[in-house]
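The values are calculated or read from the model by the stated rules, or taken from the named source; none is laboratory data. What you see is a predicted model, and the numbers here were worked out from it, not measured in a lab. Please note: Cβ atoms are built from the backbone with ideal geometry, for glycine as well, and neighbour counts cover all protein chains shown. Keep in mind that these areas ignore ligands, DNA and RNA; they rest on the heavy atoms of the full protein, side chains included. Shrake-Rupley method; radii C 1.70, N 1.55, O 1.52, S 1.80 Å.
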Amino acid sequence: MKIASWNVNSLKVRMPHLTEWLAEARPDVVALQETKLEDAKFPVDELAAAGYRAVFSGQKTYNGVALLARADLKGEFEDVVTDIPKLDDPQRRILAATIGGVRVVDLYVVNGKAVGDEKYAYKLDWLAKMREFLAAEIERYPQLVVLGDFNIAPDDRDVYDPVAWGEDILCSPPEREALKHITDLGLHDSFRLFEAGGEHFSWWDYRQGAFRRNMGLRIDLILIGEALKSAATAAAIDRTPRRWERPSDHTPVTVDLDI
DNA sequence: ATGGTAGGTATCCTA
């Protein structure tokens with residue numbers, strides 16, 4: 001089973017890229033973030049024509065998450081969750097479902113804007129409540145995959161210039177500790193099971209030719225539970241769509257599981 | 001320290 005995550009930064013704009021990439025990469029399950037679409041406008045029919053079923057939790061203009069599954073993957077999306085318990089939040093940032101025997105939790109983690117900003121406090125509170133939700137999920141569903149745009153670079157290898165970036169937003173110690181608190185539940189950063197080096201990024205700012213100069217961060221992660229660790233056969237970042245015309249600022253990340 | 005670009009919506013907010 002190939003599982004992917006991609007922050008598409010507007011599904012309306014990125015549909016041609018998504019369908020092209022689905023045809024080339026043939027993932028079984030895909031988690032999308034920043035769809036920026038109300039549910040009534042989700043392109044169900046176009047994705048069905050591309051061979052994928054979908055569940056989604058969206059809103060106009062901002063945020064929005066979706067899960068896609070290949071039509072030939074057996075079973076339906078089950079036990080769908082769109083809200084974190086104990087967090088009354090209108091922002092559509094989480095979508096969990098069971099599909100093909102795997103529990104998949106798609107996250108669009110709060111950006112936070114800047115350390116000390118009120119959005120930063122919201123980010124840390126969101127992460128703390130997410131951790132509690134995931135602690136319960138991993139008990140209920142051992143075959144757990146938590147993936148998405150985490151808006152946190154786990155460590156300095158995941159930053160193009162860690163000295164310049166310092167402890168700014170996406171790299172501050174409290175954010176990294178919040179992420180570690182989540183991985184300490186028994187979730188492994190699948191990319192790091194296969195690649196220990198730096199210079200592997202999943203997001204590059206649109207400005208200043210950042211992609212061309214590989215000035216990026218690795219903030220899109222696929223975490224897998226202990227029960228799936230031995231099943232992982234590969235993990236990758238596919239930079240191809242980032243080179244296409246009018247790209248998302250993020251590129252897809254994938255993991256292959258022998259299940 | 002600032003501002004650079006992109007998307008959606010409305011001429012600003014978010015990233």
Normalised Cα Rg of segment A:123-259, dividing by 2.2 N^0.38 Å with N its residue count, works out at 1.07
Restricted to segment A:32-176, the DSSP antiparallel beta bridge percent, nearest 5, is 75
Counting Lys and Arg as +1 and Asp and Glu as -1 over every other residue whose Cβ sits under 9 Å from the Cβ of residue A:219, the net charge comes to -2
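Give the longest segment of chain A that steers clear of trypsin sites (Lys or Arg not before Pro) in DSSP loops with at most 14 neighbouring Cβ atoms within 10 Å, not counting the sites themselves.
So the longest stretch without any such site is A:114-211.
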Here the Cα Rg-to-2.2 N^0.38 Å ratio for segment A:26-119 is 1.15
Among GluC sites (Glu not before Pro) in segment A:107-192, those in a DSSP loop whose Cβ has at most 14 other Cβ atoms within 10 Å are A:167
For chain A, the percent of accessible surface on carbon and sulfur atoms (probe 1.4 angstrom, ligands and nucleic acids excluded) is 49
Given pairs A:36/A:113; A:123/A:180; A:41/A:123; A:2/A:180; A:86/A:119; A:2/A:123 and cut-off 20 Å on Cα-Cα distance, the over-length ones are A:41/A:123; A:2/A:180; A:2/A:123
Two pseudo-spin positions, 7 Å from Cα along C-beta at residue A:165 and at residue A:82, lie apart in nanometres by 3.3
Over chain A, the sum of -39500 (n - 2.57) across DSSP H runs of at least four, divided by residue number and rounded to 500 deg cm²/dmol, gives at 222 nm -7500 deg cm²/dmol
Among segment A:122-163, those whose backbone N falls under 16 Å of a label point 7 Å along Cα→Cβ from residue A:229 are A:138-139, A:142-146
Sparse-neighbourhood loop hits (chymotrypsin sites (Phe, Trp or Tyr not before Pro), segment A:151-249; DSSP loop; Cβ within 10 Å at most 16 others) -> A:194, A:206, A:244
Computed over chain A, the convex hull of the Cα set has an average projected area, in nm², of 12.7
Chain A accessible area per residue, 1.4 Å probe, protein heavy atoms, integer Å², reads 44
The correct ranking of A:62, A:52, A:141 by accessible area at 1.4 Å, largest first, is A:62, A:141, A:52
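How much net charge surrounds residue A:31 when only other residues with a Cβ under 10 Å from its Cβ are counted (Lys, Arg +1; Asp, Glu -1)?
-3
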So the FRET efficiency between residue A:195 and residue A:129, C-beta based with R0 = 35 Å and rounded to 0.05, is 0.70
